[in-house]
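Single-structure report; data block below.
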Amino acid sequence: RTTQLYEKTNDIHAMLQNLPQGILTIDGSGTIHPEYSAFLEKIFERDELSGKPALDLIFNDSSVGTDARSQIEATLDACIGEDLMNYEMNGHLLVSEFTKPMADGRIKCLDLTWAPICDASDAVEKIMVCVRDITELRQLEIEAAHQRRELELIGQILKVNQEKFADFVSSARQFVADNEALHKAAKDKDSELITELFRNMHTIKGNARTYGLLHLTNIVHEAEQAYD
C-alpha cells in the first residue's frame, strides 16, 4: 500500500509538473493549495503561488469588475464547506472568461473552468480551478471574423453591375463631401441643416440597400442615428 501510494503521489506530481494548463485548488481560507500545476506560474508569470490569495492572483487588475468579483467571493463562501447542492445552484455565477494585463503591458485572455472537490458526504471541501491561456485563440477568431467580413463585402460588391457600382460610389462620395461642407459652414444648431445632413445620409443608405451593400447600410444607419 505504501508503494502504491508513493507511485500515485509521484504520478499526480508528474502530471502537475507537465500538464500545459494552470490548475489550482482553493480552500476555505481562499488561498492557493501548495499542490498546483507548474504551468500556472507560466500563465500568470509569477512564482511561488502557494498560500497566496487565489482571487487576487486571478482577478486583480483584470477586466472583472468589483461587483462581479464580490459575486465570485460570495459564491465561493456559500459553497466551500457546504453541501454540493449549493455549488450546483450557484456555480453559474463564477466567471468563465476575462482579460488580464501582464507586467509588460501585454493583455492575456484567460478561460476558467471551476469544479467542486467533495468529501464522502458530498460536502464541498475545495474548489478546483483550471486556467487556460486562450489569447492566441481569440486573436485568431478576431482575424477570421475580419476576413469573413472582407469576403462578404467583396461578394456584395461583385453582385452589383460595375457601372452602377461606380455611379453609387461617386454619388455617395459627393453626399459625404456635401455634409462635410455643411458641417464646416454651420455656426450653430439649425434644424434645417440637420434635416439636410440626414437626407443626404438617408439617400446613401437607400442606394446601398438597393444594391445589397448591407455592411455599408448598417454603418450609414449609425450616422443617421447620430443626426437624429
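The values are calculated or read from the model by the stated rules, or taken from the named source; none is laboratory data. All values derive from a computational prediction rather than experimental measurement. No Cβ is skipped: glycine too gets one built from the backbone with ideal geometry, and neighbour counts run over all protein chains shown. Just the protein is used for accessible areas: all its heavy atoms, side chains included, with ligands, DNA and RNA removed. Shrake-Rupley method; radii C 1.70, N 1.55, O 1.52, S 1.80 Å.
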Residue check: is residue 154 β-branched (Val, Ile, Thr), in a helix (DSSP H, G or I), under 25 Å from the mean Cα position of the chain (by Cα) and loosely packed, with under 11 Cβ neighbours inside 10 Å? no
For the range 185-212 the number of residues that are open to solvent by 80 Å² or more (accessible area, probe 1.4 Å) and at pLDDT below 90 is 5
> Scanning for something polar (S, T, N, Q), outside any helix (DSSP H, G or I) and touching an Asp or Glu at 6+ places or on another chain (Cβ under 9 Å), does the range 87-99 turn up at least one residue?
Replying inline: yes
Exercise. Evaluate the range 73-87: report whether one residue or more is more than 18 Å from residue 24 (Cβ to Cβ), within 19 Å of the chain's Cα centre (by Cα) and either buried (at least 17 other Cβ atoms within 10 Å of the Cβ) or charged (D, E, K, R) (or both).
Key: no
Listed by first then second residue, the pairs whose first member lies in the range 141-164 and is over 15 Å from residue 212 (Cα atoms), whose partner is at pLDDT 90 or above and in a helix (DSSP H, G or I), with beta carbons under 7 Å and at least 6 positions apart or on separate chains, are none
Within the range 100-130, residues in contact (Cβ under 8 Å) with a residue 24 or more places away in the chain, assigned to a strand (DSSP E or B) and within 19 Å of residue 49 (Cβ to Cβ) come out as 100, 101, 108, 110, 112, 117, 126, 127, 128, 129, 130
Conditions (1) part of a loop (DSSP other than H, G, I, E, B); (2) closer than 27 Å to residue 42 by Cα -> residue 140 fails only (1)
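Here is a yes/no grid of residues against (1) in contact with a Pro (Cβ under 6 Å, 6 or more places away or on another chain); (2) over 12 Å from residue 26 (Cβ atoms); (3) open to solvent by 70 Å² or more (accessible area, probe 1.4 Å); (4) among the aliphatic types (A, V, I, L, M):
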| residue | (1), (2), (3), (4) |
| --- | --- |
| 42 | no, yes, yes, no |
| 51 | no, no, no, no |
| 54 | no, no, no, yes |
| 66 | no, yes, yes, no |
| 108 | no, yes, no, no |
| 112 | no, no, no, yes |
| 126 | no, no, no, no |
Being in contact with a helix residue (DSSP H, G or I) (Cβ under 7 Å, 6 or more places away or on another chain), over 30 Å from residue 57 (Cβ atoms) and open to solvent by 50 Å² or more (accessible area, probe 1.4 Å) is the requirement here; does residue 215 meet it? no
Across (1) within 23 Å of residue 74 (Cβ to Cβ); (2) open to solvent by less than 20 Å² (accessible area, probe 1.4 Å); (3) not β-branched (Val, Ile, Thr), residue 29 clears everything bar (2)
Sole miss for residue 92 among (1) within 19 Å of the chain's Cα centre (by Cα); (2) touching a residue at least 40 places away in the same chain (Cβ under 8 Å) is condition (2)
Quiz prompt | Residue check for residue 178: free of Cβ contacts under 8 Å to residues at least 60 places away in the same chain, assigned to a helix (DSSP H, G or I) and open to solvent by less than 100 Å² (accessible area, probe 1.4 Å) | solution = yes
